[in-house]
1. Using the beta-carbon distance between residue 91 and residue 56 and R0 = 30 Å, what value does 1/(1 + (r/R0)^6) give for FRET efficiency, to the nearest 0.05?
2. Between the alpha-carbon centers of the range 1-50 and the range 162-177, tell me the distance in whole angstrom.
3. Between residue 259 and residues 5 or more places away or on another chain, which pairs have amide H atoms under 5 Å apart, with H built 1.01 Å from N, and which residues are they?
4. If you plug each phi of the range 193-199 into the Karplus form 6.51 cos²θ - 1.76 cosθ + 1.60 with θ = phi - 60°, what whole-Hz ³J(HN,Hα) values come out, in order, with x for Gly and Pro?
5. At a Förster radius of 25 Å, what calculated FRET efficiency corresponds to the Cβ-Cβ distance of residue 177 and residue 222, to the nearest 0.05?
6. Could you work out the helix-only [θ] at 222 nm for the chain, with each DSSP H run of four or more residues adding -39,500 (n - 2.57) and the total divided by the number of residues, to the nearest 500 deg cm²/dmol?
7. Where in the chain are the DSSP H helices whose C-alpha atoms run 15 Å or more along the long axis and whose mean Kyte hydropathy is at least 0.5?
8. Restricting to Cα pairs below 8 Å that are 6+ residues apart, what does the relative contact order work out to for the range 134-292? Please round to a whole percent.
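All of the numbers you see were taken from the coordinates with simple rules; none came from a lab. Computed from a prediction, not measured in an experiment: that's the story for all the values here. Cβ: placed from backbone, ideal geometry, glycine included. Neighbour counts: every protein chain shown.
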Amino acid sequence: MENSFFAGATTSRGFVNLYDNIVDRNDCTAFFVVKGGSGVGKSTMLKKIAASLQENHEVEYFRCSADTDSLDGIALPGKGIALVDGTAPHVIESKYVCCTDWTVDLSTCLDYKVLQSYKSTLVGLNKDKADCYRYATDAIAAAGKIFDTLYLMTKDKVDFQGVLSLSQRLVEGMGLTRKRALFGYAITSLGEVYLPCKFSKKLYRLVGNRYVSHIILDTIKALADVQGIKYQVFYSPLNPDVVCDLVFGDKVVSTNPNFSADDEAIIDASAFLPSEPDVYSLQLSERRLLDWAVQRLQKAKALHAEIEKIYIPSVDFDKVNRITAETIEKINTCLQK
């Protein structure tokens with residue numbers, strides 16, 4: 001199974017970029033930042049490189065939250081190697097140039113003479129696309145306010161002693177060697193998307209009341225922080241401070257329906273809520289706002305496709321393939337060190 005994650009997402013606070021931490025930038029083997037315009041082949045390049053590596057190495061795939069068929073990054077977690085699309089909105093730059101960090105510039109594969117005549121068209125398309133993202137973010141922010149209200153209303157009624165006791169049991173065990181933050185899901189043009197990942201650890205799957213599940217996970221994270229336990233955390237795009245999933249050294253606690261493991265246990269979060277608050281009207285409002293945001297994201301994706309149609313005829317794909325081959329060779333050299 002392909003292990004896929006979101007390291008960036010459109011959230012209640014705008015686009016949040018976590019790509020900088022998919023590997024430890026201060027202690028990695030190689031970090032490649034891929035630059036270039038729309039349609040130049042960044043995602044295709046990443047897919048080709050991943051395909052060349054996955055037979056012999058564990059590969060993590062980082063999906064684009066605007067188009068989940070597109071890749072924005074890959075990583076070899078056991079080797080400290082990553083490649084990321086460093087263009088907006090997830091802008092990333094090299095830190096340790098030609099030491100461990102390398103820039104792969106695919107804009108050199110574009111024919112500027114062809115593109116210059118499309119400048120005014122591209123200005124209009126990019127403005128319309130930016131407007132769609134702004135409207136979507138505003139709707140997600142409004143939905144996030146409702147989410148926060150529902151979270152607090154649930155927290156007032158939850159059996160906190162029961163939550164604390166469960167959290168103390170689940171936090172026990174060896175932690176990871178370093179922390180890493182990602183997103184548990186993304187609000188996309190397809191709606192809310194949860195990506196698949198298969199773990200070899202014990203998976204505790206939280207079901208039932210979603211707000212109680214978040215309260216349990218937030219409590220576990222707080223306990224881990226107090227005890228100095230390191231973990232991989234997945235946040236909610238509705239509130240990037242609220243936890244959706246936690247991965248420790250020997251266990252996973254998750255709300256993601258597409259996470260899996262050989263050993264799974266179900267925890268009904270609703271059991272810690274003596275009485276359900278009457279929140280149907282608020283939940284309905286949250287749902288309507290998210291549906292409207294998804295419509296704006298669908299429009300943004302269609303506009304992005306129009307932008308790509310302009311760029312693609314100007315791309316020298318033979319040169320893209322040569323740069324891809326050179327990058328694979330450089331990665332293989334790094335793997336031999």
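1. 0.45
2. 30 Å
3. 197
4. Going residue by residue, I get 10, 10, 8, x, 8, 10, 10 Hz, with x marking Gly and Pro.
5. Numbers: r = 21 Å, r/R0 = 0.83.
Step by step, r from the Cβ atoms, then E = 0.75.
6. Values: 7 runs with 136 residues, N = 337.
Taken over the chain, the calculation gives -14000 deg cm²/dmol.
7. Membrane-span-like by this rule: 160-171.
8. Working: 280 pairs, mean separation 59.2, N = 159.
Averaging sequence separation for qualifying contacts and normalising by length gives 37 percent for the range 134-292.
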